[in-house]
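Worksheet: one structure, shown below.
The values are calculated or read from the model by the stated rules, or taken from the named source; none is laboratory data. All values derive from a computational prediction rather than experimental measurement. Every residue, glycine among them, receives a Cβ derived from its backbone with ideal geometry; neighbour counts consider all protein chains shown. These area figures cover heavy atoms from the full protein model, side chains too; ligands, DNA and RNA do not enter into them. Shrake-Rupley method; radii C 1.70, N 1.55, O 1.52, S 1.80 Å.
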Amino acid sequence: MASRSQEPDDTTTRWLFSGQLGPLFDDGGRILLIEAKSLIAGRPIHRAKAHLLLSALRHRARELGDRCEYHRVDDYDEALIATGGLHDRSDLEVVDPPSWAARRFVRSTGARVLESRGFVTSEAVFREWADARAGKRLLLDDFYRTVRERTGLLMEGDQPAGGRWNYDHDNRAAPPKGAVTLGLPEPWWPTEDDIDDEVRRDLDAWQADGSVQLVGDDGPRRFAVTAAEAEAALDDFIDVRLGDFGPFEDATLTGDWTMAHSLLSAPLNLGLLDPMAVVERVAGEHTRGTAPLASVEGFVRQITGWRDWVWHLYWYLGEDYAVTRNALDATTPLPEAFWQLAPDAIEENCLHHAVDGVRRHGWAHHIQRLMVLGNWALQRGYDPAELNRWFIDMFVDGTPWVMPANVVGMSQHADGGIVATKPYASGGAYINRMTDFCGGCRFTPSKRLGPDACPYTAGYWAFLDRNEGRLAGNHRMAQPLAGLRGLADREAVVAQERERQSF
Ligand SMILES: Cc1cc2nc3c(=O)[nH]c(=O)nc-3n(C[C@H](O)[C@H](O)[C@H](O)COP(=O)(O)OP(=O)(O)OC[C@H]3O[C@@H](n4cnc5c(N)ncnc54)[C@H](O)[C@@H]3O)c2cc1C
Ligand code: SF4
């Protein structure tokens, strides 16, 4: 059991992990940081992600100065020796780290374990909430409402601000017609420094000697690696983009890779920002009347609802969840175009741009992750555990805890409906409504048969055909399955998609 209290003293060293690099995890006193190359070795990983991780660790070490004991090692076996024997040190304490593997490891060393931090709701409070539901389905909406009531965020007395808990319906605008971008100024970008130069040199050398396999572009660093940078990114989001965040949350434009999103997931997941402080600031914009409630509520729900929810589900659903769940028997291996982030052969304009965006930035916004990349993988039956690994390694904000509920649960329905009540499968009509991709595509979103049939539209029906038996008991799928049974050209569409030569 992790303990709550922590008073720094001369006999204690706080051992921190890569998701714990901000002030929230530092109570003063000595700090141990271990930079293990194994974190980024042994598999293809996005260069921007490897860069961000190393840059954040090294920046933190520099900030801490003499307080920090920093070790660069190949793996944790080496760390055991370099640190003077992690198992033999009686001075070590850790804030419970954010993965099953790390928790096992720190416990094997005998280090004192403190309660985890970095989320709005503690693990103990979530457990209490979940236990009180004794066997009933756990729903995000219920959890989110409880968090609002408990924290007082966006509350007017015991009522939600504006009279509604959720303004999702106001946050589904299509992109402005004919627009190339939302017309917002460039987001705040960090300025690289000598630490970034050193990281770049190290990555080049390791790539050349084959000890790491980096994919994706080596662009300028786009995400914060220090608490000060993260605060600057947050200020910029609140001042410039928060107002447009809500309405255009689900929209995509080819010429605008960030839209009005906050780009804060990477610094949040590195532990650079306190999420409660972030949502308090954003909620304050509503109180002051400087941002619309729908945008503010949408953002507060993403952090206090979704982000906390997937964190707690990671522990609640167990370590095996990510690798064993496969309710739709999906076994197709991921194509090389995904592993190498090589979009050239991808003809579907929406998918081409999504993979290309990941290649360039190691980031894509939510709808591209869910309705373009995830939807494609679901329709084509990609192996959910492999897809989970891909998302973790190709995205700058990917972590073991954030992915299972998002990928295995929400996006791939591989848990049979624990996280989402129905599969997030949709045809080209949705993509056509919410993006400008279809206009520049050689396929036609409304067509399901023929040389210009949209692979998402036809793929949607082929997905339903393949999973008809598995989804038959799901009442939310009754209408789509009835539609499938009424398709005059069902067999031809299914045969066409079976033969489709994808990249
Ligand atoms: C298939 C799939 C993969 C995803 N992979 C990741 C990932 O690797 N890391 C990650 O942090 N999020 C992930 N998400 C959630 C979400 O897409 C990203 O958090 C968001 O796109 C990051 O961009 P942003 O910071 O601009 O977010 P914004 O759109 O500005 O949202 C604000 C914040 O809300 C939080 N948030 C919103 N939705 C979620 C969610 N579903 N789960 C967790 N946090 C959420 C994030 O911290 C984010 O920074 C994934 C979602 C899907 C469907
Ligand atoms: S037509 Fe289909 S494949 Fe092409 S961009 Fe639209 S949804 Fe994507």
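Out of Val95, Val125, one residue alone is open to solvent by less than 50 Å² (accessible area, probe 1.4 Å) and closer than 24 Å to Glu280 by Cα. It is Val95.
Counting just the residues of segment 246-298 that are acidic (Asp, Glu) and more than 20 Å from the chain's Cα centre (by Cα), which one comes out farthest from ligand 2 (Cβ to nearest atom)? Result: Glu280.
Scanning segment 248-261 for residues that are open to solvent by less than 10 Å² (accessible area, probe 1.4 Å) and farther than 23 Å from Asp168 by Cβ turns up nothing. The lone criterion from (1) within 16 Å of ligand 2 (Cβ to nearest atom); (2) more than 30 Å from Leu182 (Cβ to Cβ); (3) not aliphatic (A, V, I, L, M) left unmet by Tyr456 is number (2).
Residue-level analysis places Asp239 among those that are among the acidic types (Asp, Glu), part of a helix (DSSP H, G or I) and open to solvent by 10 Å² or more (accessible area, probe 1.4 Å).
Quickly run through segment 346-383 and pick out the residues that are part of a loop (DSSP other than H, G, I, E, B), open to solvent by 10 Å² or more (accessible area, probe 1.4 Å) and within 16 Å of Asp329 (Cα to Cα). The answer is Asp383, and nothing else. So, of the residues in segment 403-425 that are within 10 Å of ligand 1 (Cβ to nearest atom) and among the polar types (S, T, N, Q), which turns out to be nearest to the chain's Cα centre (by Cα)? The selected residue is Asn406. Condition test on Gly318, is it modelled with pLDDT of 95 or more and at positive phi? Answer is yes for this residue. For segment 338-354, a tally of residues being in contact with a Leu (Cβ under 9 Å, 6 or more places away or on another chain) and either aromatic (Phe, Trp, Tyr) or away from ligand 2 (no atom under 12 Å from the Cβ) (or both) returns 2. Provide a single number: the residues in segment 227-264 that are of a type outside the set (A, V, I, L, M) and touching a Leu at 6+ places or on another chain (Cβ under 7 Å). Number satisfying all stated conditions: 5. Answer with yes or no whether Ala429 is surrounded by 20 or more Cβ atoms within 10 Å (Cβ to Cβ) and farther than 30 Å from Pro220 by Cα. No, not satisfied.
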